[in-house]
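The next block holds one structure in the form of structure tokens; read it before the comments.
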Amino acid sequence: MVILSYVFLALFIASTCVHLYHSWQDEAKKRAITKPMLLIFLLLFYICAAKGAGKELNIVLIVAIATSWLGDVLLIPKGNVWFTSGGIAFLISHITFIAVYVPNIIWSEVNWFIVVPVALIYLGVALKVILSVKDNTPKIMVVPMYLYLIANSTMNVFALMQLMSQMNLAALLAYIGAILFFTSDCTLFLVRYHTKKDIIFKKHFTVMLTYVLGEALITIGILLLSK
């Protein structure tokens, strides 16, 4: 299992590099070929690494990664219907990531004087993103998109509370991963719906770099935290 975990990690890194290269080149068809591979390899890495280390598999984490993979696949076709379907899958993923963090939170260790302002910052950034794209977004999608970013913001806040509770490298990696995931989602909305199509540097590359790194860091962080 340990050797297999390294194999799947290598496949994850290799497929990610290929995907990011095609994203940099803005080659849509080639991006679509590699995109479904990324989280499959990450998930297989997690399963093999956890079993190889004698750790109990976190089924909730597996569901979170799997629903993220489903979101990836649903976002490949163009159109608002597919975009909404992918958003629903990722919404479930954010909720399950929250469920992953909760057992690691020691509520007496949470500093609410930090958590509340940070949560407001997330909500403010999310609102700023939505306001900047609302004129080019179907009206029926504006509120759901903001609610989606609120869900991602909530996931980030729970990751922060997990860090406050554990105060170790593993929890820090998971929180950095959550921040990158939030960054990716905000960037994706700007790429899809902002009137200035060049507002994000190398748009698809930036979205996927922050997303894949985010998913990987969360997974590795939770793997290291698990018993």
Whole-Å distance linking the alpha carbon centroid of the range 162-200 with that of the range 35-60 is 21
Links exceeding 26 Å between C-alpha atoms in this model, out of Lys30/Lys203; Lys35/Lys227; Lys29/Lys139; Lys35/Lys55; Lys35/Lys139; Lys30/Lys55, come to Lys35/Lys227; Lys29/Lys139; Lys35/Lys55; Lys35/Lys139; Lys30/Lys55
So the FRET efficiency between Glu27 and Leu57, C-beta based with R0 = 41 Å and rounded to 0.05, is 0.70
If R0 = 45 Å, then Asp135 and Ala10, at their Cβ-Cβ distance, give a FRET efficiency to the nearest 0.05 of 0.50
About its Cα centre, the range 2-225 carries a charge dipole, from +1 on Lys and Arg Cβ atoms and -1 on Asp and Glu Cβ atoms, whose size in debye to the nearest 20 is 620
Expressed in nanometres to one decimal, the distance between label points 7 Å along Cα→Cβ at Lys196 and Val115 is 3.7
Per GNM of the chain with C-alpha springs under 10 angstrom, the most fluctuating residue out of Thr137, Thr96, Thr187 is Thr137
Summing -39500 (n - 2.57) over every DSSP H run of at least 4 in the chain, dividing by its residue total and rounding to the nearest 500, the 222 nm mean residue ellipticity is -28500 deg cm²/dmol
Ranking Leu160, Pro138, Leu91 by how far each Cα lies towards the positive end of the charge dipole of the range 2-225 (+1 on Lys and Arg Cβ, -1 on Asp and Glu Cβ), the top one is Pro138
Length gained, Ile106-Asn168, 0.36 nm per residue minus C-alpha separation, equals 21.0 nm
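Values quoted throughout were computed directly from the atomic coordinates according to the rules given, and no laboratory measurement underlies them. Computed from a predicted model, the values in this text were never measured in an experiment. A quick note on method: Cβ atoms are made from the backbone with ideal geometry, for glycine too, and the neighbour counts reach across all protein chains shown.
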